[in-house]
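Asker: Got a structure here, written out as structure tokens. Questions coming.
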């Protein structure tokens, strides 16, 4: 079967995701990267996202992708913008690709696509953990009313890992599913040491966290692990990122018994991030829930061992690839033990972890991931 890269008529693909574009959270970045890779190959790509918080510019082009920010009338629960797609035209769209199952944007885009006779592909990204009982109840209700319907109404379903296929089967989802992972683009910028670190610190082992500062990412678990050492952990910890827990983190670090060995760097550039990957003894990912985090793939590509919380099958993935260590979710004692083991591992073991991760990462680069997504589009379109 010929690939869609050889299709004489480029496709017009509509991607829909609740995120605000451009943004660096995982799901939004996933849709952006697919869109830009498709555009690079000559396809026309439109992305519908939500304009929350609001921006002056409602439509723009980025990386060859036409992006439309749709203003909401209200925002349900502070997280789900209620948007209308009634006046948006999909007449010349060939295929609609939904990224999520529950938000209002997804539900209304699905209905519009079905009325117009457009084929729909849906990617299930993550099984989000809610902090409160009310949130967990609402999640179940929304899944019962909408989540399963979105997937059953789709012409094809994509999940990021085999774990999510098993999860959805357990939730009663029927029909074939394609397992196509998240992807990443290797950082091309030359590595540059983050401003918040000094060359004097490089005589000590370095453990790094790179990601959004949020409840999801398990920063409280990481800080509990650091406090468990009762002082000097025997390594330095660098935390890069920003988010809603930025102020909390500053206060938590100031109160920590290990505060002299923790550097909070804020948001870092791509070149600084590359330096962290290449100069850290390990990358720690203590998340409560994830789809397939880009940080994991980037660290693997850099040949840096990872410590991954065993959420949504990701610990098993790290174990299978032999690219680092897995720890139980929300277990600060196990995380502390894993960080100590990682920095104390001999050169042979760390080299083996790094080489295994680097080799496994090749299949996760965006060009290969997009090849597989295009195969799904072709199958759905009957080409």
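Read the figures in this text as sums done on the coordinates, not as results from a lab. All values derive from a computational prediction rather than experimental measurement. We place every Cβ from the backbone using ideal geometry, glycine too, and count neighbours over all the protein chains shown.
Asker: List 124, 229, 277 from most exposed to least, where exposure is judged by having the fewest other Cβ atoms within 10 Å. Intermediate results must be reported in sequence, preceding the final value.
Answerer: Numbers: 124 24, 229 17, 277 20.
If I rank by nearby Cβ atoms, fewest first, I get 229, 277, 124.
Asker: When a/c reaches 1.5 or more, the comparison of a/b and b/c decides; with that in mind, is the range 274-345 rounded, prolate or oblate per its Cα gyration tensor? Spell out each step's value before the answer.
Answerer: On the way: a/c = 1.65, a/b = 1.14, b/c = 1.44.
Judged from the Cα gyration tensor, the range 274-345 comes out oblate (a/c at least 1.5, b/c at or above a/b).
Asker: Quick one: Cα centre-to-centre distance for the range 306-379 and the range 170-241, in angstrom?
Answerer: That distance is 12 Å.
Asker: Then there is this: So for the range 199-363, averaging the separation of alpha carbon pairs under 8 Å that are six or more residues apart and normalising by length, what relative contact order in percent results? Don't skip to the end; give the middle numbers.
Answerer: Details: 314 pairs, mean separation 40.2, N = 165.
Result for the range 199-363 is 24 percent.
Asker: Still on this model: Report, in degrees rounded to the nearest 10, the 0 to 90 angle that the Cα long axis of helix 26-40 makes with the longest principal axis of the chain.
Answerer: For helix 26-40, the angle is close to 60 degrees.
Asker: Moving on to the next point. Just to confirm the number: angle between the C-alpha axis of helix 347-361 and the first principal axis of the chain, 0 to 90 degrees, nearest 10?
Answerer: The angle comes out near 10 degrees.
Asker: If you bin the C-alpha pair distances of the range 162-297 every 10 Å from 0, what whole percents do you get?
Answerer: Over the range 162-297, the share of Cα pairs per 10 Å bin runs 11, 37, 30, 14, 7, 1 percent.
Asker: With N set to the residue count of the range 238-358, report its C-alpha Rg divided by 2.2 N^0.38 Å to two decimal places.
Answerer: On the way: Rg = 14.2 Å, N = 121, 2.2 N^0.38 = 13.6 Å.
Computed over Cα atoms of the range 238-358, the ratio equals 1.04.
Asker: For the chain, what is the mean residue ellipticity at 222 nm derived from helices alone (per DSSP H run of n ≥ 4: -39500 (n - 2.57); sum divided by total residues; nearest 500 deg cm²/dmol)? Intermediate results must be reported in sequence, preceding the final value.
Answerer: Working: 13 runs with 140 residues, N = 383.
The helix contribution divided over the chain gives -11000 deg cm²/dmol.
Asker: Hey, what angle do you get for helix 270-279 against the long axis of the chain, alpha-carbon based, 0 to 90 degrees rounded to 10?
Answerer: The angle comes out at about 50 degrees.
Asker: Compare the peptides 69-79, 109-119, 157-167 by average per-residue count of other Cβ atoms within 10 angstrom and give them in order, highest first. Don't skip to the end; give the middle numbers.
Answerer: On the way: 69-79: 13.1, 109-119: 16.6, 157-167: 20.0.
Order by mean packing, descending: 157-167, 109-119, 69-79.
Asker: By DSSP, what percent of the beta bridges with both residues in the chain are antiparallel, rounded to the nearest 5?
Answerer: 15 percent
Asker: Please give the direction-averaged projected area of the C-alpha convex hull for the chain, in square nanometres with one decimal. If you can, show how the numbers build up before the last one.
Answerer: Values: hull surface 77.5 nm².
For the chain, the mean projected area of the Cα convex hull comes to 19.4 nm².
Asker: Also: Highest first, please rank the peptides 364-375, 186-197, 91-102 by the mean number of other Cβ atoms sitting within 10 Å of their residues. Show your work: numbers first, answer last.
Answerer: Working: 364-375: 17.5, 186-197: 14.2, 91-102: 20.4.
Peptide ranking by packing, descending: 91-102, 364-375, 186-197.
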